Amino acid sequence: MPKILILGSGRDLDREHMLASVAAEHDVVLAQESPVTWESRYAGAVHRIAADDLTSVLQMARKESVEAVLTWTEAWIETAAATTSALRLPGHPVPSARACRDKHRLHQVWAAAGVPSAQSLLVTDEAQAHRAAVELGYPVVVKPRSKTGGTGVRLVRSPADLARAYAGAAGVDGALVEQYLDGPQISVESVLVRSGRLHVVAAGNRYPGPEPGLATASRLVSVPQQAEHLAPVRRAIDAAHAALGLCEGVTHTEVRLTADGPRLVGLNARLGGDLISRLVLLATGVDLVAAAVDTALGRQPRLRHTRQRTAGIVFRYGDAVGATLPASPPAQLPDGVESLWTAPDASADRFGGRLGHAIVVAEDHATCQDQLEKAYAALLPQSISVGERSRGHLDEGAVLRLSGRR
């Protein structure tokens, strides 16, 4: 079997299915910074290496005679590109990977190429943040320059809230103040093959949770609605990838459908989070993890849809970082629920504030939404009534509002 080097495993909650998929048909060599726990079930060899230690990665990769390099972990994106470049294996160029990690550079590249995206200003102190917000006009979005997964992202509607948002987002490289874009949010999952051709595999809705955090509350990938989603954005998606010079691999792009047309928010040169690859497989039959491995090996991925369904996921969050909300899965899953996960007695910060999720599969969009609402109710502790839920909870009414049905 081909030997695949995986750089960074990520959390078992949303990444174990990826590593298991790769290990089912390939020999896995794993490099990561943290001690090995659950990963030992899948990796034939494990090496403790820092994500920025390119020299050690290259020495290990040559010693192990790996045939492909793959990462789905943001911290390893640039090292993965440098490794494939040095070993002359399929992958993205280093400047492309670096631009995808640096949101400021990403928007600079897109602006120069005329790719429609949010206006974004780099700031390095609170005073600059206030000036940027005035220039762009409230509301604005304040976000870290390099973090992903919604970490540190805040919607700011007035000057009174800006200082706190900036403090939560700023790092040694500053923070970004961006124009707030109104309109439905979608994500697009694509695969770039060696010929340079971009294949758009799936598109789906992203519904944010309560303000100001804008964390993902739920996602739906609907094949019946895909053509409607993709019609206005395909040209922008193509232009965004071309401007960055991305070459081979799976990408995840976030888009806002504004009144003035599609505007790109971000692009990751890796498989998307929030278990999107599972949703795509359930809805379309396309295995994005297998596609990522195939492109890393220089093979033509299998991208033909074999299913025409809708799959969705809904998340339950803790009341606050460090909170513990015990919950147990119901004895019988609600109709349409493909899987349901809860973390009894686990700290909310262990899983990015999430204490549970449910994945639903249905034949159409409306049915999937209905089943997601029922699944979300199954994730709530029975001891918490609707009137007692805090802002940290997304109640059933919020799920309906996000779907546009109320």
Which of P224, P208, P90 moves the most in a Gaussian network model of the chain with Cα springs under 10 Å?
P224
Whichever lysines have a C-alpha closer than 30 Å to that of K63, once near sequence neighbours (fewer than 8 apart) are set aside:
K3
In terms of the Cα gyration tensor, with a ≥ b ≥ c the square roots of its eigenvalues, is region 3-89 rounded because a/c is under 1.5, prolate because a/b exceeds b/c, or oblate?
prolate
Coil-residue trypsin sites (Lys or Arg not before Pro) of region 5-112, DSSP, other Cβ within 10 Å capped at 14
R11, R88
Could you tell me the extents of region 124-180's C-alpha atoms along the three principal axes, largest first, rounded to whole Å?
24, 20, 16
Neighbour-count ranking [beta-carbon atoms within 10 angstrom, fewest first] of V200, V140
V200, V140
Applied in sequence order to region 258-267, the curve 6.51 cos²θ - 1.76 cosθ + 1.60 (Karplus, θ = phi - 60°) yields integer Hz couplings, x standing for Gly and Pro, of 8, 5, 9, x, x, 10, 7, 9, x, 9
Report, by chain and number, residues whose modeled amide H sits under 5 Å from the one on E33, excluding near sequence neighbours (fewer than 5 apart, same chain).
I49
J(HN,Hα) series, region 206-212, from Karplus relation 6.51 cos²θ - 1.76 cosθ + 1.60, nearest Hz, glycine and proline x:
10, 10, x, x, x, 6, x
Please list, in order along region 85-99, the HN-Hα scalar couplings obtained from phi with the Karplus expression 6.51 cos²θ - 1.76 cosθ + 1.60 (θ = phi - 60°), rounded to whole Hz, x for Gly and Pro.
5, 5, 8, 6, 10, x, x, 8, x, 4, x, 5, 4, 5, 5
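Can you put W76, W341, W38, W110 in order, fewest other beta carbons within 10 Å first?
Numbers: W76 27, W341 18, W38 13, W110 23.
In order of increasing Cβ crowding within 10 Å: W38, W341, W110, W76.
Counting each DSSP H run of 4 or more residues in the chain as -39500 (n - 2.57), what helix-only mean residue ellipticity at 222 nm follows after dividing by all residues, to the nearest 500 deg cm²/dmol? Walk me through the numbers before you get to the answer.
On the way: 13 runs with 133 residues, N = 406.
The helix contribution divided over the chain gives -9500 deg cm²/dmol.
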Taking every alpha carbon pair in region 156-264 and sorting the distances into 5 angstrom bins from 0 up to the bin holding the longest one, the percent per bin comes out as 2, 10, 18, 19, 17, 16, 11, 6, 2, 0, 0
Of all GluC sites (Glu not before Pro) in region 116-216, which ones are in loop regions per DSSP and have a Cβ with at most 12 other Cβ atoms within 10 Å?
none
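Provide S222, S21, S146, S56 in ascending order of the number of other Cβ atoms located within 10 Å of each residue's Cβ, fewest first. Could you put the intermediate results ahead of the total?
On the way: S222 26, S21 20, S146 17, S56 14.
Final ranking by Cβ density, sparse to dense: S56, S146, S21, S222.
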So which lysines pass the test for K103, namely a Cα distance under 17 Å, with those fewer than 8 places away in the same chain ruled out?
K143, K147
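Have a look at the DSSP beta bridges in the chain and tell me what percent are antiparallel, nearest 5.
Details: 60 of 73 bridges.
Counting DSSP beta bridges with both partners in the chain, the antiparallel share is about 80 percent.
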Based on alpha-carbon atoms only, what is the radius of gyration of the chain relative to the globular estimate 2.2 N^0.38 Å?
0.96
Euclidean distance of C-alpha centroids, region 116-145 and region 1-56, integer Å
37
Please sort by residue number the GluC sites (Glu not before Pro) in region 1-109 whose DSSP state is loop and whose Cβ has at most 16 other Cβ atoms within 10 Å.
E33
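Here, each number is a calculation from the coordinates, and none is a lab measurement. As the structure is a prediction and not an experimental result, all values here were calculated from the model. Ideal geometry is used to build each Cβ from the backbone, glycine not excepted, and the neighbour counts take in all protein chains shown.
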